[in-house]
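None of the figures in this text is laboratory data; all of them are computed from the coordinates on show. Quick caveat: nothing in here was measured; it's all calculated off a predicted structure. Note that each Cβ is placed from the backbone with ideal geometry, even for glycine, and that neighbours are counted across all protein chains shown.
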Amino acid sequence: MKRIIFLLLVFMTTLTITAQDITGEWNGALKVGGMQLRLVFHVEKNDKAYSATMDSPDQGQKNIPMSKATFENNVLTIEMAAARINYTGTLFGLDSITGTFSQGGQNFPMNLTRKAIQRQEAKRPQNPVKPYPYYSEDLTFENKKDGITLAGTLTLPKKDGKFPVIVMITGSGPQNRDEELLGHKPFLVIADYLTRNGIGVLRFDDRGCFASKGNFKTATSFDFAGDVEAAVEYLKTRKETDQKHIGLMGHSEGGIIAPIVAVNTPDVNFIVLLAGSGVTGGDIMLKQQEDIGAAMAMSKDDIQKTKEINTDVFKIISQSTDTAKLRSNLTTYIKSRIKDFSTKDIPKNMTEDVLAKIQTDNIMSPWMLNFIRYNPAPTLEKVKCAVLALNGDKDLQVCSKINLPAIENALKKGGNTHYTIKELPGMNHLFQECKTGAPSEYAEIEQTISPIALDIILNWITKTVK
C-alpha cells in the first residue's frame, strides 16, 4: 500500500511540474561591489521554442534580446552569446528560481522571483539633494534635421541673468542626462558643481532613450553630434545664455563628438574633453582589451590571441566600403579563427555558423563600424576654440598614454594655441580616485568624481570665459 501511495505522489508531482508556466516576468538582483544591480528577464514561448529579453533598470536598458532560452526538467537557461552572459536556475514552486548569473567567466548567485524588486540606492555622497540653490528647468528641444525631440535639463545660477552655458555630451551606450552608471550620476554632480559656481549647464537624454525620441540603435557618433548641434541652437534662443560663451563638455565618446560639433558650429567658444580620444576607435579598443584583460588576470597568451584576432578584424573593416562584402569577409574570417576561441567563450551546443553570425552581427552595427574606422585627429586639427583635455592615468578604457599626446599633436598641427592637456594621477575612466582603474572598481568607490578634477574643470572654464 505504501508503494502505491509513493507512486501516486510522484505522478502528481510530475503533473504539477509539467503544468507550471515559466513564461512572464522574472526579477533578480546582482550584488556588485557592495551595491544591487537589478535585472529582469521576460520569457515567452511560441509553438516551437522559448525566447527571452532582459532589462537592466538601474542602467536604463530595456528589451535586450537574448540569443537563447530553454526550460527543461525544471531548469531555466537564458544566454546572450555576444556578451558571454548566461543565467541558469531551477524553478521551485510557482514563483521562485534559484540559480547563477555568469558573464565573462565570472559567476554570481542570483535568484529570481515574480515580484518586482525595489531599487536599492548605493551610497553616493556627491549626489546633490533637492532643493537646489539655483534654477533648474526640465525641457525639450528639436533636432529639426532628423525630426526628433530631445529631452533634458537646464540649470542656471539664477533664473534671471546671462551666463556661460555648457552642453554636456554622454559616453557610449544608451545614457540618460545624468550619464548614470552603477548608482553614480557624474553629469548631475558636474552640473551641480558648475551651476553653483556661476556656469549654466544643459544635459539631455540620448536620442531614443528615456524621455528623448529617435532611434538609438541605428545612430552613429555623427548623428549624436547633430543632436548636440541642436542643443547649441536651442541655447541661442534662450535670453539667459551668454552667446559668446557657449561650451561643450564630452566624456569618452562625448570627447569624440565635441570636436565634431566645434568644427561645424562657430558659436562654440570652448570644449572640455574628459577621457576623449586622439586615435582611431580600433586602436582604442585594442589597448582597452589588453589593459582590462591584464586587470582581469587573463593569461598573456589569451590577451595576445585576442589582440591578433581583433587587429585582423579592424583591418578588414578599415579596408572595406561595401557592406555586403564586409559582412561576408568578416563571417569567413571569424569562422576560420573559432578554433582559437577559448572554450568558455563558446556557449554549449552552439554551431560555428551561429557563433560566427552572432559575432559578425555585433560588429556590423552602424555605430561600431563608424567607431572603429573614425580617426578624430583630422577633426581636432580644425578645432580653433579653446580646449581642455583631461584623462586619468589609470583609465583602462581610454588610455591616457596614447590619447593625450595624439590630441595635443593634432591641435598643435592645426595651429591651435589655446589648449591645456592634463593627465590626472590616480584616476580612472570616470575620474574617480582609485586603486587599479579596473571597471570592476566603479561600483565599489563611493566617490562619483574627484574634487580635484572638478576644480581643474571649473578653474579652466572660469579663466576661459573671462
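What do you get for the angle between helix 254-264 and the principal long axis of the chain? Use alpha-carbon atoms, 0 to 90 degrees, nearest ten.
40
Can you compute the helix-only [θ] at 222 nm over the chain? Use -39500 (n - 2.57) per DSSP H run of at least 4 residues, normalise by all residues, nearest 500 deg cm²/dmol.
-10500 deg cm²/dmol
If amide H atoms are built 1.01 Å from N in the plane of the peptide, which residues on other chains or at least 5 residues away come under 5 Å of the amide H of Gln61?
Excluding prolines and chain starts, which carry no amide H, the hits are Ser56.
Over the range 282-372, what is the relative contact order in whole percent, taking alpha-carbon pairs under 8 Å and six or more residues apart?
RCO, the range 282-372: 31 percent.
Evaluate the relative contact order of the range 322-466 (contact order divided by residue number), counting alpha-carbon pairs under 8 angstrom at least 6 apart; express in whole percent.
On the way: 147 pairs, mean separation 26.1, N = 145.
Reported as a whole number, the value is 18 percent.
Roughly what angle does helix 186-196 make with the longest principal axis of the chain, taking Cα atoms, 0 to 90 degrees, to the nearest 10?
Tilt relative to the chain: about 30 degrees.
Find out how many positive minus negative residues lie around Phe224, taking Lys and Arg as positive, Asp and Glu as negative, among other residues whose Cβ is under 9 Å from that of Phe224.
In short, -3.
Put a dot 7 Å past each Cα toward the Cβ at Val354 and Lys145; how far apart are the dots in nm?
With each label placed 7 Å out from Cα toward Cβ, I get 4.2 nm.
Work from the charge dipole of the range 305-414 (Cβ charges, +1 for Lys and Arg, -1 for Asp and Glu, about the Cα centre) and give the residue of Ala386, Ala324, Asn362 farthest towards its positive end.
Farthest towards the positive pole: Ala386.
For His429, enumerate residues with amide H under 5 Å from its amide H, sequence gap 5+ or separate chain, H modeled in the peptide plane.
Answer set, sorted by chain and number: Leu396, Gln397.
Rounded, prolate or oblate, given the Cα gyration tensor of the range 282-372, with a/c below 1.5 counting as rounded?
Oblate, since a/c reaches 1.5 and b/c is not below a/b.
How many nm is it between the label spots at Met364 and Asp160, if each spot is 7 Å from the Cα in line with the beta carbon?
If labels sit at Met364 and Asp160, their model points lie 6.0 nm apart.
May I ask for the angle, rounded to the nearest 10°, between helix 2-19 and the longest principal axis of the chain, with both axes built from Cα atoms and the value confined to 0 to 90°?
Relative to the chain, helix 2-19 is tipped by roughly 30 degrees.
Can you tell me the order of 426-432, 299-305, 438-444 when each peptide is scored by its average per-residue count of other Cβ atoms within 10 angstrom, highest first?
Ranking the peptides 426-432, 299-305, 438-444 by packing returns 426-432, 438-444, 299-305.
What ³J(HN,Hα) values, in whole Hz, does the Karplus curve 6.51 cos²θ - 1.76 cosθ + 1.60 give for the range 239-253 when θ = phi - 60°, with x put for Gly and Pro?
Running phi through 6.51 cos²θ - 1.76 cosθ + 1.60 with θ = phi - 60° gives 5, 7, 7, 6, 4, 7, 9, 9, x, 10, 10, x, 10, 6, 4 Hz.
Considering only Phe224, Ala262, His251, whose Cα is most displaced toward the positive end of the charge dipole of the range 222-270, charges sitting on Cβ of Lys, Arg (+1) and Asp, Glu (-1)?
Ala262
Hey, got the dipole for the chain? About the Cα centre, +1 on K and R Cβ, -1 on D and E Cβ, debye to the nearest 20?
Result for the chain is approximately 80 debye, rounded to the nearest 20.
Amide H neighbours of Thr241 under 5 Å, counting only residues 5+ apart in sequence or on other chains, H built in-plane at 1.01 Å?
Under 5 Å from the amide H of Thr241: Phe163.
Whole-Hz ³J(HN,Hα) for each residue in the range 450-466, computed from phi via Karplus 6.51 cos²θ - 1.76 cosθ + 1.60 with θ = phi - 60°, x for glycine and proline: what do you get?
4, x, 4, 5, 4, 5, 4, 4, 4, 4, 5, 5, 4, 5, 5, 8, 5
In whole percent, what relative contact order does the chain give with Cα contacts below 8 Å and a gap of six or more residues?
12
Taking the Cα centre of the range 387-449 as origin, sum charge times position over the Cβ atoms of Lys and Arg (+1) and Asp and Glu (-1), and report the length of that vector in debye to the nearest 20.
Values: 6 positive and 8 negative charges, 82 e Å.
Computed about the Cα centre, the dipole is about 400 debye.
In nm, give the distance between the simple-model label positions of Thr237 and Lys401, each being 7 Å from the Cα along the Cα-to-Cβ direction.
4.9
Each residue of the range 436-441 in turn: what ³J(HN,Hα) in whole Hz from Karplus with 6.51, -1.76, 1.60 and θ = phi - 60°, glycine and Pro shown as x?
Taking θ as phi minus 60°, the curve returns 10, x, 5, x, 5, 7 Hz for the range 436-441.
Where nothing but the Cβ of Lys and Arg (+1) and of Asp and Glu (-1) is charged, how large is the charge dipole of the range 290-419 around its Cα centre, in debye to the nearest 20?
280
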